[in-house]
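Here's the structure, in C-alpha cells; my notes come after.
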Amino acid sequence: QTVTLTKGPLVSLDIAHNHATFEVEYDGKKMDGWDKAMVAVHGAGQPAGKYPYRYVDPSQIRPYWTLAKQYVLADHMFQTQSSGSFTAHQDLIRGGTHINKNAAIIDLPSADPAGCDAPLGTVTTLIRRTGKVVPRAGPFPCFTWPTLRDLLDGKGVSWKYYVEPLCCNGGPIWNAFDAIHAVRYGSEWGANVSMPETKVFGDLTKGQLPAVSWIIPKVHDSDHPGEPPDHGPAWIAQVVNAIGHSRYWNSTAIVVVWDDWGGQFDHVLPPQLDFDGLGFRVPMLVISPYARKGYVSHTQYEFGSILRFIEDNWGLGRLNTTD
C-alpha cells in the first residue's frame, strides 16, 4: 500500500522511539512497519497507524531551512544506535555503549532519574551480538568508560557541557555526564558541566567559551514530540546568532543534530554496521565560516563522526569506539 505523507506541526504526538519500535518499523529491511508503532503518550498503547507518515510544515522550521541554505545540510547522518535518548547522548560523548564486544546498553534505565543519580537498584537493558534484547541485564547507569572528556583533559583542551539542571524535564536523561562516575563525583561537575544551558551566553560575552562545547537544550527548545510549546528553531537561531556576533565566529564550527528519530517515518534504509545500529537518519546542520554555502552532504555519518572531527582537529588520539 502506498501512503501519502501528510503535513503536520513540528511538535507531533509522541511515537515510541526505543529499540523495539525500531525493529517494528525497520521490519527486516522492508521499512514498512511505522503503522504498527505505538503512541507513547496521549493515547499510549494505541497503534500509531498512518500518523508517523508525515513531514513538518516548512513554515514552522524556517530558521533550519535558512541555515541549511546558507551553510551545510547532511542528509545521511544516522543515529549510532537503534535506540533512544539515553544511549544517544552517551554516543555524543563516547561514540557507543558497548560494555564488551558481545553486548551494548540500549534504551532507558529502569528508573528515573537516569545516570549516577538513579535510585539504588536501577539497571539497564542489554542487546547482545545475537540481536537478543535482555531487559534488566545491564549494569547500574553510572559508568567508568572513557569519553571524549578524557582525551580533552589529557591534552589540556578546554571543554564544557551546557545542560539544564537534573531537576528539570530532559535534564536527567540528556545529561550524558551525569552517567559518568568520574565527572558526576569530581571537580568538573558544576564547572565543566555548566547548568543551566543558558550560561553559554554569559561565557560568550565574557570571552570564556571553551575550545569544545556541547549545548543541550531544555525540553521546550528541543523539538521533542509531545512536548508543546516548542521553541527549537528559535533556540538554535539564538545560539548561532550569539556565536556569529562573537569573537569566536571565525574559528568555530557549529554542528546541530537531533538525538534520535522520534518514531517518525523515514524511507532511507540504515546500514547495519553492528548489532545495535546504525539507527534511522536524523538531520545534521554544519554552520561555520568554513562551510560550503548551500551544500548538501551525502556522506554517511553517525554520531561518532562528530567525535572523530574533534579528535582530528585537536590531535587527541582515539577512543576506539565508533570514532
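The values are calculated or read from the model by the stated rules, or taken from the named source; none is laboratory data. This one's a predicted model, so the numbers in the text were calculated from it and none came from an experiment. Every residue, glycine among them, receives a Cβ derived from its backbone with ideal geometry; neighbour counts consider all protein chains shown. Calculation scope for accessible area: heavy atoms of the full protein, side chains included, ligands and nucleic acids excluded. Shrake-Rupley method; radii C 1.70, N 1.55, O 1.52, S 1.80 Å.
At-a-glance table
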read-out	value
Pairs where the first residue, in segment 274-297, is open to solvent by 40 Å² or more (accessible area, probe 1.4 Å) and the second is of a type in the set (D, E, K, R) and in a loop (DSSP other than H, G, I, E, B), C-beta under 9 Å, 6+ apart	ASP274/ARG129; ARG281/ASP75; ARG281/ASP266; PRO283/ASP75; VAL296/ASP75
Matching residues, segment 196-220, being part of a helix (DSSP H, G or I), under 25 Å from PRO172 (Cα atoms) and open to solvent by 20 Å² or more (accessible area, probe 1.4 Å)	LYS199, PHE201, GLY202, HIS220
Within segment 41-65, considering residues that are without any contact (Cβ under 8 Å) to a residue 12 or more places away in the chain and touching a helix residue (DSSP H, G or I) at 6+ places or on another chain (Cβ under 9 Å), the one farthest from THR6 (Cα to Cα)	TRP65
Total residues in segment 289-323, condition part of a loop (DSSP other than H, G, I, E, B) and among the hydrophobic types (A, V, I, L, M, F, W, C)	3
Number of the condition not met by LEU151 [criteria: (1) assigned to a loop (DSSP other than H, G, I, E, B); (2) open to solvent by 10 Å² or more (accessible area, probe 1.4 Å); (3) in contact with a Gly (Cβ under 9 Å, 6 or more places away or on another chain)]	(1)
Test result for ALA111, in a loop (DSSP other than H, G, I, E, B), open to solvent by less than 40 Å² (accessible area, probe 1.4 Å) and at pLDDT below 95	yes
Among the residues listed as GLU311, GLU227, GLU302, the single one being open to solvent by less than 20 Å² (accessible area, probe 1.4 Å) and either touching an Asp or Glu at 6+ places or on another chain (Cβ under 9 Å) or under 30 Å from THR4 (Cβ atoms) (or both)	GLU311
Of all residues making up segment 83-104, the number that are buried (at least 17 other Cβ atoms within 10 Å of the Cβ), among the polar types (S, T, N, Q) and part of a loop (DSSP other than H, G, I, E, B)	2
Residues that are open to solvent by 40 Å² or more (accessible area, probe 1.4 Å), closer than 15 Å to GLN264 by Cβ and hydroxyl-bearing (Ser, Thr, Tyr), drawn from segment 43-63	TYR51, TYR55
Identity of the residue in segment 64-82, hydroxyl-bearing (Ser, Thr, Tyr) and not in a loop (DSSP other than H, G, I, E, B), that ends up surrounded by the most Cβ atoms within 10 Å (Cβ to Cβ)	TYR64
Candidate set from segment 230-272 (those that are open to solvent by less than 30 Å² (accessible area, probe 1.4 Å) and among the hydroxyl-bearing types (Ser, Thr, Tyr)); member that is nearest to the chain's Cα centre (by Cα)	THR252
Residues of segment 114-144 that turn out to be in a strand (DSSP E or B), touching a Lys or Arg at 6+ places or on another chain (Cβ under 8 Å) and not polar (S, T, N, Q), as a count	1
